[in-house]
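Quick note: the coordinates plus some simple rules give every number you see, no bench work behind them. Keep in mind the model is a prediction, meaning the values are calculated, not measured. So basically every Cβ, Gly included, is an ideal-geometry build from the backbone, and we count neighbours across all protein chains shown.
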Amino acid sequence: MNTRRLNYLKAMDIDVWMRRDRPEPGFGAAVADSGSPVLPIQDQPDPLATTSWDQLAEMVRHCTRCDLHSSRKQTVFGTGNLRAEWMIIGEAPGADEDTQGEPFVGRAGQLLNSILQAMGFPREQVYIANVLKCRPPGNRDPKPDEAACCAPYLARQIELVNPRMILCLGRIAAQNLLNTETPIGKLRGQLHHLGEKQRPVVVTYHPAYLLRSPGEKRKVWQDLQFALAAYAQTRPRSA
């Protein structure tokens, strides 16, 4: 069994039986035992398929699936319009988010708010979430097992929001969501599709990166124009 899928199942407390005469493949294995390609996490059966918003939020609030629970102040679930047409997905909470319990509330969040306003979508009209629900110590990059533990929560959030467009902020968020190691520079400028429902995804740089490299704002605006054009071509969501 693919290690990423195994981590996903273990994270959901689902028992997994392995044959003793068959070694487990290493992380990143791309072929299942049958020889057929392994589906990414977003295409696996969803063990949270019937979970409501309140139930999901409660599960995240009390989650101890990885070691990050021991260093967090609180979990950072998500915020915004639960029926938003745009969903914004970032990497992980920072210090401000860990304190306030809401994603994108620091300097990067202020920049994101300005970006959304320029697009014509105020913050309260979109839904914002992160790949991780707990802050990694020192704001380090998420580890693969940590992302695997949180993946079912994010997958269920996407299903519940049912967005017409997903805007993915930064390399780590994009690579985890799209199950790829492709550099962000090559992920930009094209329309990706997520899961069986082929939800449209556009990738751009994280606002925190723009604070360090303001000269890249022009590229982000190009990405946003591309996303707006793609969004205009999507079918209105059924009620």
Original post:
Is it true that Asn81 is under 17 Å from Leu160 (Cα atoms) and either in contact with a Pro (Cβ under 6 Å, 6 or more places away or on another chain) or not aliphatic (A, V, I, L, M) (or both)?
Top reply: yes
When you look at Ala118, is it surrounded by 15 or more Cβ atoms within 10 Å (Cβ to Cβ) and among the aliphatic types (A, V, I, L, M), yes or no? no
The condition from (1) farther than 26 Å from Arg199 by Cα; (2) out of contact with any Phe, Trp or Tyr (no Cβ under 8 Å at 6 or more places or on another chain); (3) surrounded by fewer than 20 Cβ atoms within 10 Å (Cβ to Cβ); (4) not hydroxyl-bearing (Ser, Thr, Tyr) that Arg65 misses is numbered (3)
Selection over the stretch 171-182 where residues are crowded, with 22+ Cβ neighbours inside 10 Å and in contact with a helix residue (DSSP H, G or I) (Cβ under 7 Å, 6 or more places away or on another chain) yields a count of 2
Every listed condition ((1) free of Cβ contacts under 8 Å to residues at least 40 places away in the same chain; (2) surrounded by fewer than 17 Cβ atoms within 10 Å (Cβ to Cβ)) holds for Arg237 save (1)
If we keep only residues of the stretch 121-142 that are more than 16 Å from Met87 (Cβ to Cβ) and without any contact (Cβ under 8 Å) to a residue 12 or more places away in the chain, then the residue surrounded by the most Cβ atoms within 10 Å (Cβ to Cβ) is Arg140
